[in-house]
1. Checking THR31 against (1) touching a strand residue (DSSP E or B) at 6+ places or on another chain (Cβ under 8 Å); (2) more than 26 Å from VAL163 (Cβ to Cβ); (3) at pLDDT below 90: exactly one of these is not met. Which one?
2. Condition test on LEU221, is it of a type outside the set (Gly, Ala, Ser), in contact with a Phe, Trp or Tyr (Cβ under 7 Å, 6 or more places away or on another chain) and at pLDDT 90 or above?
3. Suppose we filter ALA208, ALA217, ALA151, ALA168 for residues that are exposed (fewer than 12 other Cβ atoms within 10 Å of the Cβ) and among the hydrophobic types (A, V, I, L, M, F, W, C); which single one remains?
4. Select, from ASP48, ASP40, ASP53, the only residue that is surrounded by fewer than 16 Cβ atoms within 10 Å (Cβ to Cβ), modelled with pLDDT of 90 or more and of a type outside the set (A, V, I, L, M, F, W, C).
5. Quick one: in segment 1-14, of everything that is part of a helix (DSSP H, G or I) and free of Cβ contacts under 8 Å to residues at least 60 places away in the same chain, which residue is surrounded by the fewest Cβ atoms within 10 Å (Cβ to Cβ)?
6. Pick from GLU92, GLU71: which is in contact (Cβ under 8 Å) with a residue 24 or more places away in the chain, under 15 Å from the mean Cα position of the chain (by Cα) and at positive phi?
7. Name the residues in segment 139-180 that are outside any strand (DSSP E or B), modelled with pLDDT of 85 or more and among the basic types (Lys, Arg), would you?
8. Quick check: anything in segment 113-134 at pLDDT 90 or above, closer than 30 Å to LEU13 by Cα and out of contact with any Leu (no Cβ under 6 Å at 6 or more places or on another chain)?
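The values are calculated or read from the model by the stated rules, or taken from the named source; none is laboratory data. If you're wondering where the values come from, they're calculated on a predicted model, not measured in any experiment. Cβ placement follows ideal geometry from the backbone for every residue including glycine, while neighbour counts extend to all protein chains displayed.
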Amino acid sequence: MTLIALDDEPLALVLIETLVAQIPDFQLLATFTDAAAAADFLQKNTVDLLISDINMPDVSGLEFVRDLPDERPMVIFLTAYKEHAHEGFDLEVVDYLIKPVSPERFEKALKKAAELLDLRQKAEKSDIKPLAAEDHFFVFSGYLQVKITIADILYIESMGDYVKIHLANQKRPVMTLERLKNLTSRLETRGFRRIHRSFLVNLAKIEAQQKSQVCVAGVWLGVGESFQI
């Protein structure tokens with residue numbers, strides 16, 4: 001499993017290097033004290049996991065992760081401040097570690113990321129052919145296999161390694177470990193359209209639209225410049 005680390009404190013990066021070296025099957029590709037350099041590396045390289053500090057002088061780690069594309073790596077936040085934990089989990093990060101972190105706690109977080117990566121890779125190896133005839137498919141949500149009726153899908157929202165499937169007549173979306181690009185491949189022949197890096201929409205459910213947004217079930221969704229309808 002490959003990873004990079006971002007922290008404005010060089011000593012923190014040395015600690016991360018030391019801890020990662022003690023855990024088999026993890027490869028630390030690079031470390032960065034500068035967020036722009038880390039972003040450039042992520043743009044040019046495939047990375048499974050990002051370990052990032054939050055309080056940095058050039059950019060907040062939270063802002064850095066929010067600005068990454070939806071195909072971003074998994075994220076573990078490592079910080080001295082507890083008050084940002086809820087914001088980190090809102091970004092669907094793998095874990096949130098408080099400095100100073102013990103080797104045991106650090107290893108637990110990395111192994112959790114490895115388990116999620118394994119699940120994602122198994123999902124990507126599964127049959128992702130376009131759903132030409134089926135009127136439904138199943139996804140894992142928690143410990144359950146949930147039936148998703150295609151005609152009931154309003155839109156699908158990317159949350160990094162997860163997606164939220166918003167359904168008609170159901171208040172809570174179904175969250176599953178899946179990439180939006182995979183569902184786009186399966187559903188684009190069934191009347192669905194990618195309108196944003198974060199949204200796949202059932203065109204039949206659009207109630208109103210403007211150049212830069214569409215309304216689905218009373219919710220206005222942004223339309224990206226490269227995804228104009």
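1. Single failed check for THR31: (3).
2. Criteria met by LEU221.
3. Every option except ALA208 fails the conditions.
4. Being surrounded by fewer than 16 Cβ atoms within 10 Å (Cβ to Cβ), modelled with pLDDT of 90 or more and of a type outside the set (A, V, I, L, M, F, W, C) holds for just one of ASP48, ASP40, ASP53, which is ASP40.
5. Among them, the one singled out is LEU11.
6. GLU92 is the lone residue from the list that is in contact (Cβ under 8 Å) with a residue 24 or more places away in the chain, under 15 Å from the mean Cα position of the chain (by Cα) and at positive phi.
7. LYS171, ARG172
8. Yes, the conditions are met somewhere in segment 113-134.
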